[in-house]
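Chemist: Please read through the structure below; I'll follow up with questions.
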Amino acid sequence: MLTSWKVRIMVFPARVDVHQHIVPPAWARALDDRGMDSGGWAIPAWSASEAIAMMDRQGIATGVLSVTSPGVHLGDDADARTLARTVNEYGAEMVKDRPDRFGSFASLPLPDVDGALREAEYALDVLGADGVVLMSNAHGRYLGDPDFEPLWAELDARGAVVFVHPAQPPMPLLPGTPAPLADYVFDTTRTALNLALTGVLSRHPNVKTILSHGGGFLPYAAYRFTGLTSTVVDPDRDADDMLRDLKRFYFDTALSASPSALPALLAFAEPGHVLYGSDWPFAPRNAGSYYDHFLETYPDFSPGQAEAIDRGSAETLFPRLAR
């Protein structure tokens, strides 16, 4: 049964990849002009044809594209608004040309809240973006920051999908260790916990928030967070209430479909809350194949769970992709 499923996804691409990146030329130039990169990771080349070729090889029908860290706010609000508009229109053109193969998460220029609200409205209403991407921190300010509340309220009113991608935390890199290797999974966990502790998740239950890379350490450490919150950090808060908030998250499998990570992720996530992710092209194709092998040979899926990860859960979040 497992073998026939593997053959099927190779011959008829079925997966929806919610963690696939785009490299708009204007964004790459903006980073290069400032001597910046993605947390010590080189900026790879990208083209729609190369993305589609990769997807055909990896059994991916549609990739939902997003700009990765450091996002579009590189230090100046006005420049960030301009860059966000440019990259979002670039992504929208890719979707317009191939709506079957591409979706798009729009970039927002946080910590500029007014700019983020304006761009969310334009991207979702005019460009038809499938959701928005937020970095795990915006120049050291995490997503539960009280000043960001108007943005969450707007996204909640729209029932928006929010893809949270990690960024370099506000601390020095570990020597010899690029941020994506270790710091990114840490920062995803940090912002997820911040969202729960500040009540953002419970106040805005209509937002569907996807955490990158299996949620960082969240599935593994969730009960540490709930138990200590209810007994030490906030004794007035019930552990089960905190757990319900953490279980609101969705998770992608990018770089996280491993024999040690998958059991924790599947034990913690709610049914339908795990989605396929590749992290291409920042994770090269051979890295994708490495993790796909673990996903495709995982022996303990419940009935229908593998198909839900590949496509079914994404169809619920993105009805336009439903077959």
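The values are calculated or read from the model by the stated rules, or taken from the named source; none is laboratory data. Everything numeric here is computed off the predicted structure, so don't read it as measured data. As a convention, Cβ positions derive from the backbone with ideal geometry for all residues, glycine included, and neighbour counts pool all protein chains shown. With ligands, DNA and RNA removed, areas are computed over all heavy atoms of the protein, side chains included. Shrake-Rupley method; radii C 1.70, N 1.55, O 1.52, S 1.80 Å.
Chemist: Could you let me know the centre-to-centre spacing of the range 252-288 and the range 77-107, using Cα atoms, in angstrom?
Modeler: Distance between centres, Cα-based: 25 Å.
Chemist: Starting from the Cα-Cα distance between ASP125 and GLU270, subtract it from 0.36 nm times their residue separation and give me the gain in nm to one decimal.
Modeler: Between ASP125 and GLU270, full extension yields 49.2 nm more.
Chemist: Can you bin the range 42-147 into rounded, prolate or oblate? Criterion: square roots of the alpha carbon gyration tensor eigenvalues sorted a ≥ b ≥ c, rounded for a/c under 1.5, prolate for a/b above b/c, oblate for the rest.
Modeler: prolate
Chemist: Still on this structure: Of ALA160, VAL185, TYR142, whose Cα points farthest to the positive end of the dipole of the range 118-195 (charges on the beta-carbon: +1 Lys, Arg; -1 Asp, Glu; origin at the Cα centre)?
Modeler: VAL185
Chemist: Determine the sum of side-chain charges near GLY128: Lys and Arg each +1, Asp and Glu each -1, restricted to other residues whose C-beta is under 11 angstrom from that of GLY128.
Modeler: Net charge in that neighbourhood comes out at 0.
Chemist: Charges at C-beta only: +1 for Lys and Arg, -1 for Asp and Glu. How large is the resulting dipole of the chain about its Cα centre, in Debye rounded to 20? Before the final figure, lay out the partial values.
Modeler: Details: 26 positive and 41 negative charges, 166 e Å.
It works out to roughly 800 debye.
Chemist: Two-decimal Rg/Rh of the chain from alpha-carbon positions, Kirkwood Rh? Display every interim value, and only then the final one.
Modeler: Numbers: Rg = 18.5 Å, Rh = 19.7 Å.
Over the Cα atoms of the chain, Rg/Rh equals 0.94.
Chemist: Hey, any idea what % of the chain's accessible area is carbon plus sulfur with a 1.4 Å probe?
Modeler: The nonpolar share, carbon plus sulfur, comes to 56 percent.
Chemist: Also, I was wondering about something else. Among TRP41, ASN206, GLN58, which residue has its Cα positioned farthest towards the positive end of the charge dipole of the chain, with +1 placed on the Cβ of Lys and Arg, -1 on the Cβ of Asp and Glu, and the dipole taken about the Cα centre?
Modeler: Of the candidates, GLN58 comes out farthest on the positive side.
Chemist: OK, next. Quote the FRET efficiency, to the nearest 0.05, computed for TYR290 versus LEU31 with a Förster distance R0 of 30 Å and r equal to the Cβ-Cβ distance.
Modeler: The formula returns an efficiency of 0.65 here.
Chemist: With r as the distance between the Cβ atoms of ASP56 and ARG244 and R0 = 30 Å, compute the FRET efficiency 1/(1 + (r/R0)^6) and round to 0.05.
Modeler: So the FRET efficiency works out to roughly 0.15.
Chemist: Just LEU211, LEU228, LEU255 to compare: in a GNM of the chain, with alpha carbon springs under 10 Å, which one fluctuates most?
Modeler: Result: LEU228 has the largest fluctuation of those listed.
Chemist: Further question on the same structure: Kirkwood-based Rg over Rh for the range 179-258 (C-alpha set), two decimals?
Modeler: Details: Rg = 12.6 Å, Rh = 12.9 Å.
Rounded to two decimals, Rg/Rh equals 0.98.
Chemist: Taking every DSSP beta bridge that has both residues in the chain, what percent is antiparallel when rounded to the nearest 5?
Modeler: 10 percent
Chemist: Report, for the range 33-157, the % of DSSP beta bridges that are antiparallel, rounded to 5.
Modeler: 35 percent
Chemist: Please report the relative contact order for the chain, taking Cα pairs under 8 Å with a sequence separation of at least 6, and give it as a percent rounded to a whole number. Numbers along the way, then the final one.
Modeler: Working: 561 pairs, mean separation 57.4, N = 323.
For the chain, the relative contact order is 18 percent.
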